[in-house]
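A short worksheet on the structure shown next.
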Amino acid sequence: MCVKLIGIENIPMVSPGDDIGTIIIEAAKSEGLEIMDHDIFVVAETVVSKAEGNLIELDSINVSAQAQEISEKTSKDPRIVQSIIDESVEIIKVGPNFIISETKHGFVCANAGIDESNVESGFLKPIPVDSDESASLIRKTIESATGKNVAVILSDTQGRPFREGAVGVAIGVSGINPLWNRQGERDLYDRKLETTTIAVADELASAASIVMGQANEGLPVVIVRGVEYAEKLRSTYSDIKPILRPKKFDVFR
């Protein structure tokens, strides 16, 4: 199997109200890049939040006593701390320079996924309100214009417990199941797989982040092409929920 990672260039700076699906189609066309069946589009959630106008103005934030207290422990701007609280259902852990929380979407991550990178000064960018719906709209736009069956993954960059460094992870999907249950299949020694489930959406998001980069690369959309199981895992009803571990099974909380 040969997998290609194709960064789509010529994606313009995104503004509120922009149609990300149409932007992707036009950028691909300008490069002479043909969209093919089973292409998987990994889209940085930053451009989606910006297009949806999902930004927080720092000067509009009213700081609570809780935010002020956490700010003193973390050395974070109390306005940023307040926005993290507002976007979370639970503050799980506070460290010297981090806040781990569960977001309204159910993601357990640092700072509720709120970022200051690649947005205008004075603004914060939270995770899209409904990442699955955002992914679905992009997929439907591309499929309607091209007649091809594609999948869309919204990606974010997050850290991991017990490991340094951040990787790309999936926070929204459409057109592909986020998990591949391989239970019942056989390994090389003909042993039956008992519990093997692969987080394919995360694997694809992480692979795409190699091309996307984290600074000024300007490549927020990457096509992952040649994934043999893309057709097998095709689903127009998929969402990100199966990949989220229920709290009762989270032994680290």
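Since every read-out is calculated from the coordinates, none of them should be taken as a lab result. Keep in mind that what you see is a predicted model, and the values were worked out from it rather than measured. All Cβ positions, even for glycine, are placed from backbone atoms using ideal geometry, and neighbour counts span all protein chains on display.
Quick look at the numbers
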quantity	calculated
Förster radius 22 Å - calculated FRET efficiency between E164 and L244 (Cβ-Cβ, nearest 0.05)	0.40
Debye, to nearest 20: dipole size of region 85-190, +1 on Lys, Arg Cβ, -1 on Asp, Glu Cβ	260 debye
Magnitude of the charge dipole, region 56-123, Cβ model with Lys/Arg +1 and Asp/Glu -1, debye to 20	260 debye
Net charge dipole size for the chain [Lys, Arg +1 and Asp, Glu -1 on Cβ; Debye, nearest 20]	900 debye
Charge dipole (the chain, unit charges on Cβ, about Cα centre) - positive-most of T141, C2, S60	C2
When the chain is reduced to its Cα atoms, the Kirkwood hydrodynamic radius in Å	19.2 Å
Pair V3, N97: separation of 7 Å Cα→Cβ label points (nm)	3.2 nm
Exposed GluC sites (Glu not before Pro) absent - longest run of the chain, DSSP non-H/G/I/E/B, at most 15 other C-beta within 10 Å	35-115
Within the chain, longest stretch free of exposed chymotrypsin sites (Phe, Trp or Tyr not before Pro) [DSSP loop, at most 15 other beta carbons within 10 Å]	1-97
E31/A65 FRET efficiency (R0 51 Å; Cβ-Cβ; nearest 0.05)	0.45
Modelled FRET efficiency - R0 41 Å, K148 with T196, Cβ distances, 0.05 increments	0.85
Cα gyration tensor category, rounded, prolate or oblate, for region 43-176 with a/c compared to 1.5	prolate
Over region 160-253 - Rg/Rh using Cα atoms and the Kirkwood inverse-distance radius	1.01
Percent RCO, i.e. relative contact order, over the chain, from Cα pairs under 8 Å lying at least 6 residues apart	25 percent
Farthest positive-ward along the chain dipole, Cα basis, beta-carbon charges - from V81, I243, V211	I243
Aspartates and glutamates whose Cα lies under 18 Å from that of K248, excluding same-chain neighbours fewer than 8 positions away	E90, E102
Pairs from K125/K148; K140/K232; K73/K104 whose Cα-Cα separation, in the structure shown, is over 29 Å	K125/K148
Cα long-axis angle, helix 131-146 against the chain (0 to 90 degrees, to the nearest 10)	40 degrees
Relative intensity, log₁₀ I(q)/I(0), of region 56-123 from a Debye sum that treats every alpha carbon as a point, q = 0.13 Å⁻¹	-0.31
